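Asks: Below are the structure tokens for one structure; questions will follow.
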Amino acid sequence: MSKLLMIVPSRERPNGVEELWQTFRDTASPGSYLCIATDDDDPTNYRPLPGCIMETGPRLGMIGTLNAAAIKYASRFDVIGFAGDDHRFRTKGWDTAYVETIREMGGGIVYGNDLLQGQNLPTQVACSGSIITALGYMVPPELQHMYADNFWRDLGLSIGRLRYLPDVIIEHMHYSVGKSEHDEGYDRVAALIHADEASYAKYQAERFEDDVDRARKAVNA
């Protein structure tokens, strides 16, 4: 089994993906892989990238696309991660730090410093493949884009297996802090905030504790 797969759902940002891939190639260790997951109706051109897994499927939204890839690969990798196409890997060996931290915990969830949210929220993350297999997804499917980071934080805290690595930099190049250009992708996300907020509140009230039990059993097996 390979050690780590980082999944990046993307739509209409092939140039951003190529920039991200370059930072991945410059910083990741052998045995770690990058997966770019795109929509089959995307009008832009994502060219194949050396050493990168390219997944193309029906348009499911960011979380649906992430879940499809995560479930497909969870049994093949010890650790499954997520990064947005506007993240950039800065710290050499970040992937080794993630894998070793999860192993030290005996399974769990780890995230680094995105230079935006920091410890507050895991806007990029890695977790045990066994947790994804146990839950049947990486993010509750009720969500479309937002509140995934809240979920990873809340789940990790609830099972006592959440670790923040402040010296591991995976920078979030968000337009709100002037690190990228505003585009339609950010507008699509903004339109989903209120719906996802309500969906996450409903999920927490109805199903979160069951997922906590499943995740706790997965890491304690």
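The values are calculated or read from the model by the stated rules, or taken from the named source; none is laboratory data. As the structure is a computational prediction, the values presented were derived from the model and not from experiment. Cβ placement follows ideal geometry from the backbone for every residue including glycine, while neighbour counts extend to all protein chains displayed. Side chains are part of the model used for accessible areas, which takes the heavy atoms of the whole protein and leaves out ligands, DNA and RNA. Shrake-Rupley method; radii C 1.70, N 1.55, O 1.52, S 1.80 Å.
Asks: How many of the residues in the stretch 68-78 are crowded, with 17+ Cβ neighbours inside 10 Å and touching a Leu at 6+ places or on another chain (Cβ under 8 Å)?
Replies: Number satisfying all stated conditions: 4.
Asks: So P43 fits all but one of (1) buried (at least 17 other Cβ atoms within 10 Å of the Cβ); (2) on the phi < 0 side of the Ramachandran plot; what number is the exception?
Replies: (1)
Asks: Additional query: If the requirement is being touching a Pro at 6+ places or on another chain (Cβ under 8 Å), under 24 Å from L143 (Cα atoms), of a type outside the set (F, W, Y) and open to solvent by less than 10 Å² (accessible area, probe 1.4 Å), which of these qualifies: G81, G64, G108, G112?
Replies: Just a single option satisfies the conditions, and that option is G112.
Asks: Quick one: is L157 of a type outside the set (K, R), within 24 Å of L115 (Cα to Cα) and open to solvent by 40 Å² or more (accessible area, probe 1.4 Å)?
Replies: Yes; evaluated as a whole, the condition is true for this residue.
Asks: If I filter the stretch 122-154 down to residues being under 26 Å from R88 (Cβ atoms) and open to solvent by 40 Å² or more (accessible area, probe 1.4 Å), which single residue comes out as modelled with the lowest pLDDT?
Replies: Checked the stretch 122-154; the qualifying residue modelled with the lowest pLDDT is H145.
Asks: Would you confirm whether or not the stretch 169-187 contains a residue that is at pLDDT below 95, open to solvent by less than 80 Å² (accessible area, probe 1.4 Å), on the phi > 0 side of the Ramachandran plot and not in a helix (DSSP H, G or I)?
Replies: Looking through the stretch 169-187, at least one residue is at pLDDT below 95, open to solvent by less than 80 Å² (accessible area, probe 1.4 Å), on the phi > 0 side of the Ramachandran plot and not in a helix (DSSP H, G or I).
Asks: Take the residues in the stretch 46-61 that are hydrophobic (A, V, I, L, M, F, W, C) and closer than 19 Å to A28 by Cα; name whichever of them is most open to solvent (accessible area, probe 1.4 Å).
Replies: For the stretch 46-61, the residue satisfying everything is M54.
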